[in-house]
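Scroll down for the structure; my scribbles are underneath it.
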Amino acid sequence: MTIKVEQAIIHEIAQNHEGQLSCRLRPQPLLNSQAVELMLEELHQSYTSKAGKGFGFFGTHGDDGEANPAFADGLKQYLDGSLGFVEFTGLASKLLQDELGKYDFSQGGFLLLACYSHMASDYLFVALLSAKSSMTVLDDMELTQVNHLDLGNIQLAARIDTSEWQADKESRKYISFIRGRAGRKVADFFLDFMGCVEGINPKAQNKSLMIAVEDFVAGSELTKDERQACRDKVFEFCAERFDAGAELDIKDLADELADSGMDSFYDFATTGDYGLEEEFPVDKSTLRQLKKFSGTGGGVSISFDGHHLGERVIYDPISDTLVIKGVPANLKDQLHRRLKGE
């Protein structure tokens, strides 16, 4: 196990025949059984690996409107020992029920709240889970329908780094959350019940980092291969941080580049007009452009490794054409078959 579970509980927010929402509260935490630990381990791994998460913090009345402080106040009381875990989670369930009551699209669900530690940080994981029907075979080989938690399709979840929240009151990224498939607006009600305000924008930070890296290598005396090696080093370092569930530290990245003979990146990135934070979450999809060129449009999809530009792949901006030398074998085979058929 990579996490240590402290406490966990599940409450249900259900809709009755009249369309009214109500809470069915569990009176005690879940037993820290193997099932609970395995479930939270699975959720931790899948949540950590999700790309494109948003980041924020507990807002105040001056942050983007009227942020509700009730959830943050309850969590603070739980952490300082003046409120029990069951009482805090019951309060959270009522807050979510009230928020859901403002909309007509929700059927409710199972609210999971779990406190656990990983590495040197403590977390509160909050997720609204749905049930999914499936078929199973009984001992007498009869089919029956059962419901189970749909852990593989979690869409409404947030994780609060309580260690960072308590240690750094100025932080704007101690809450992470899953962005809905249709964008930020899908999860608005879920963040609103916690009083969460979106803070740092990881995609914008990673894009700025990528621009800083490109400017850095462009102004250096490195060869073409050394420049690509620098880009690859940046991507690989950031990917390792992402896979470890850790943030990128610009100073650490600069030290890594310095070890490879590429000095002064820290001063270059932090004194330039890039707006980079000292630390921010990694967005691999953005930084992948350091290693690969890719694009789709008009029924054409093209992707190739960066070191091929100028060699196997020649771009002419005047005629707006790409010349590819050495067509991949499987693509060449398809092209030959099509030409013979015509």
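Just so it is clear, none of the values below were taken in a lab; they were calculated from the coordinates. Nothing here was measured: the structure is a model prediction, and the numbers come from that model. All Cβ positions, even for glycine, are placed from backbone atoms using ideal geometry, and neighbour counts span all protein chains on display.
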Exercise. Go through the range 37-104 and name the GluC sites (Glu not before Pro) that are in a DSSP coil and have 16 or fewer other Cβ atoms within 10 Å of their Cβ.
Key: Glu66
Quiz item: Going 7 Å from the Cα of Asn153 in the Cα-to-Cβ direction, what parts of the range 93-133 have a backbone nitrogen less than 20 Å from that spot?
Solution: 105-112, 127-133
Quiz item: So what J values fall out for the range 324-331 if you push phi through Karplus, 6.51 cos²θ - 1.76 cosθ + 1.60 with θ = phi - 60°, rounded to Hz, Gly and Pro as x?
Solution: 10, 9, x, 5, x, 4, 5, 6
Self-check item: Simple label model, 7 Å out from Cα along Cβ direction - Asp320 to Asp215, nm
Solution: 2.9
Quiz prompt | Read-out Kirkwood radius over Cα pairs in Å, derived from the coordinates shown; its label in (1) 23.5; (2) 24.9; (3) 21.7 | solution = (1)
Exercise. At 0.36 nm per residue, minus the direct Cα-Cα distance, what do Ala51 and Arg312 gain on full extension? Give it in nm, one decimal, please.
Key: 90.8 nm
Quiz item: Can you list the residues, at least 5 places off or on another chain, whose amide H is less than 5 Å from the amide H of Leu156, using H built in the peptide plane?
Solution: Leu128
Exercise. Could you list the trypsin sites (Lys or Arg not before Pro) in the range 45-126 that lie in coil according to DSSP, counting only those with at most 15 other Cβ atoms within 10 Å of their Cβ?
Key: Lys50, Lys102
Exercise. Using θ = phi - 60° and the Karplus relation 6.51 cos²θ - 1.76 cosθ + 1.60, list the HN-Hα couplings for the range 208-216 in order, rounded to whole Hz, with x at every Gly or Pro.
Key: 5, 4, 4, 5, 4, 5, 4, 5, 5
Practice problem: Quick one: which residues, 5+ away or cross-chain, put their amide H under 5 Å from the amide H of Asn68? H built at 1.01 Å from N. | Solution: Gly195
Practice problem: Considering only Leu40, Leu143, Leu309, give the residue with the highest GNM mean-square fluctuation for the chain, with springs between Cα atoms whenever their separation is below 10 Å. | Solution: Leu143
Practice problem: Measure out, as a whole number of angstrom, how far apart the alpha-carbon centroids of the range 250-275 and the range 1-78 sit. | Solution: 38
Self-check item: Inter-label distance, nm, simple model (7 Å from Cα along the C-beta direction), Ala329/Ser264
Solution: 4.7
Exercise. With springs only between Cα atoms under 10 Å apart, run a GNM on the chain and tell me which of Gly310, Gly56, Gly299 wobbles the most.
Key: Gly299
Exercise. Would you mind telling me which residue in Leu287, Leu331, Leu222 has the biggest mean-square fluctuation in a Gaussian network model of the chain, where springs connect alpha carbons within a distance under 10 angstrom?
Key: Leu331
Quiz item: Pairing the Cα long axis of helix 34-49 with the longest principal axis of the chain, what angle in degrees results, from 0 to 90 and rounded to the nearest 10?
Solution: 40
